[in-house]
Amino acid sequence: MNDFSQKNTNGWALFLLRLGVFIVMFAWTLDTFISPEHSANIFHNFYFINAVGSQILMIIGRLEMLIILAFLGGIWKRWTDGFVMPLHAVSTFSSWQFYTIKINLLFFAAWPMLAACVALYLLRDLDVKFTLKIS
């Protein structure tokens, strides 16, 4: 494979990883707006944070939406990829009981997504397909 087609293949692969991670993160963030009580239950059951009010959830949701839209656009990758990766890692690790005690196979999908987040962060300088150029 010549250098151009290798760069093109890598570009598509990284873009598709970014798009896939964005879709999941977008659905989670959208859930905050559609069902704030569900988000409050997630904070309580998985992160042991009680009594998160709907106004706080809306602020968190807005901030997260801005960050994941920047992530999708490939803007400020050190920061946006660096936000998405640990955010998803915390979500993945906080679900430990679904991997060990109350085994739920759907939760295992978090691991390949975490690998994608790590790959995107490590390869962020090569991830240039469909990125916005903002200084």
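The table below gives the values:
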quantity	calculated
Order of SER54, SER39 under a 10 Å beta carbon neighbour criterion, fewest first	SER54, SER39
Ranked list, fewest to most other Cβ atoms within 10 Å of each Cβ, for ARG18, ARG124, ARG78	ARG78, ARG124, ARG18
Listed residues VAL24, VAL118, VAL84, most fluctuating in the chain (Gaussian network, C-alpha, under 10 Å)	VAL24
Distance in nm between pseudo-label sites at VAL128 and LEU69 (7 Å out along the Cβ direction from Cα)	2.6 nm
Net charge contributed by nearby residues that have their C-beta within less than 9 Å of PHE71 (K/R +1, D/E -1)	+1
Computed lengthening from ALA115 to PHE26, 0.36 nm per intervening residue step minus Cα-Cα distance	30.2 nm
FRET E, pair PHE98, ASN8, Förster distance 30 Å, beta-carbon r, rounded to 0.05	0.20
Rg and Dmax [Cα atoms of region 3-122; Å; Rg one decimal, Dmax integer]	15.7, 54
Helix axis angle, 54-72 relative to the chain longest principal axis, alpha carbon, degrees	10 degrees
Mean Cα-pair separation over length for region 1-59, i.e. relative contact order, pairs under 8 Å, 6 or more apart, %	23 percent
Cα lying deepest toward the dipole's positive end in the chain, options VAL128, GLY53, ALA70, charges on Cβ	VAL128
The chain, relative contact order in percent, only Cα pairs under 8 angstrom and at least six apart counted	32 percent
Total charge dipole magnitude, the chain, about the Cα centre, Cβ charges on Lys, Arg, Asp, Glu only, Debye to nearest 20	220 debye
Within a Gaussian network of the chain (alpha carbon springs, distance under 10 Å), most fluctuating of ASP31, ASP125, ASP81	ASP125
Sequence-distant lysines (8 or more away, or on other chains) whose Cα lies within less than 27 Å of LYS133	LYS7, LYS77
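Every read-out reported here was derived from the displayed coordinates using simple, explicitly stated rules and does not represent laboratory data. Bear in mind that the values here come from a model prediction, so they are computed numbers and not experimental data. Neighbour counts run over all protein chains shown; Cβ positions are idealised from the backbone, glycine included.
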